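**Q** Can you read through this structure? Questions will come right after.
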Amino acid sequence: MIRFALMSLLWLTVNVYAAESTVDIDTAAKLYQAAAMREQVRASLGAMPQHIRQLFAADSSAKLSETQLAAISAAAVRGFRIDVFEAPALQAFADHLDAATVAKSQTFLSSELGKRVVTADVALATLGEANIDKVMNGELTAPSTPKRDALFDKLERATHSTESTVQIFLNMGQAVAVGTAIGSGMDPTSVQERARKSGEASRAGLEENMRLPMRRFMAYGYRDLSDADLRHVLTFVQSTPGKHYVAAYNEAMGAGFDAMGRRTGEQLGESLRELALAEMAPPPQTMPPAGIVAPPPVLPH
């Protein structure tokens, strides 16, 4: 459930549990609102253009000009927008929900504990990059006990936070890589396949290195919840409706961030083509930087 602020640092569907039937968009939207998903996602978007620019700027093989780097930032601004995210996210959410899941999830989210969980999620999403980095690296922590650590271990695994974050990051990287290839006059099919293979090769390492930071992140965000509260949250997410909710939630996030990645890639391709035409030269053969195609693992300090 906690993961959106991480997208501002690493950018972010897990193959678990399929809901028996779909619900309409309006019903999904009510659950989306109850979980404050818009507020959490919106908080992660502002830093994305700078991060993507830095990935391209750090790629010494690309040798992009300041004008090209500015175009990359502008493309990311146009791509990473809440209105680009919401339509596909809501559709995926609806497609993976069923009536029983909606009813049980609404009951949980509208409870006193559920509201506190949502408040904690929003607070953590808006924590700011510097503090998020400190939390993930263990520099900013909350008091804990072995029993409490064990609860967060179970919560992190039950919500598939690490797997879904890595999957979203890899999928978005492929989308941006393909857009870059198109704008550079390269074969997008080969670039997509290379990105896919690189992503699969790096997946296990990313998940291994992200799991501890994700638990730290969750522990800090839920620091005001008691052990009893955490057990109640765990009971919900481990129930059949809770598993369906987690799966639908992750599918929605994957679809929304994929859409933003594709939009950014499309915008980037257009920008590179326009610059090439203005300079009366073929688009630069710019390979997507390794940080997009195969992101480096995040190592806890």
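**Q** Which loop-located GluC sites (Glu not before Pro) does region 117-162 contain, where loop means any DSSP state but H, G, I, E or B and the Cβ has at most 12 other Cβ atoms within 10 Å?
**A** Glu139
**Q** Please work out the C-alpha center-to-center distance from region 202-250 to region 31-88 and express it in whole Å.
**A** Region 202-250 and region 31-88 have Cα centres separated by 25 Å.
**Q** Can you run phi through the Karplus equation (6.51, -1.76, 1.60; θ = phi - 60°) for region 40-49 and list ³J(HN,Hα) in whole Hz, with x for Gly and Pro?
**A** Ordered by residue, 3J(HN,Hα) equals 5, 5, 4, 5, 8, 7, x, 8, 4, x Hz.
**Q** What nm value, rounded to one decimal, do you get for the distance between Asp83 and Asp24 when each label is placed 7 Å out toward the C-beta?
**A** 2.5 nm
**Q** Here's a follow-up. How far is it, in nm, from the label point at Asp153 to the one at Ala70 when both lie 7 Å from their Cα along the line to the Cβ?
**A** 5.3 nm
**Q** Rank the residues Val41, Val191 as a footprinting-exposure proxy: fewest other Cβ atoms within 10 Å of their Cβ go first.
**A** Val191, Val41
**Q** Put +1 on the Cβ of every Lys and Arg and -1 on every Asp and Glu Cβ in region 116-220; which of Pro143, Pro213, Met172 then has its Cα farthest towards the positive end of the dipole?
**A** Of the options given, the answer is Pro143.
**Q** Can you put Tyr245, Tyr222 in order of Cβ neighbours within 10 angstrom, beginning with the fewest?
**A** In order of increasing Cβ crowding within 10 Å: Tyr222, Tyr245.
**Q** Report the full-extension gain for the segment Gln54 to Ser226: residue separation times 0.36 nm, less the Cα-Cα distance, to one decimal in nm.
**A** 57.9 nm
**Q** Show the residues, 5+ positions off or on another chain, whose built amide H is closer than 5 Å to the amide H of Leu127.
**A** none
Since every read-out is calculated from the coordinates, none of them should be taken as a lab result. Since the model is a prediction, treat every value here as computed from it, not as a measurement. Heads up, the Cβs are rebuilt from the backbone with ideal geometry, glycines too, and the neighbour counts pull from every protein chain shown.
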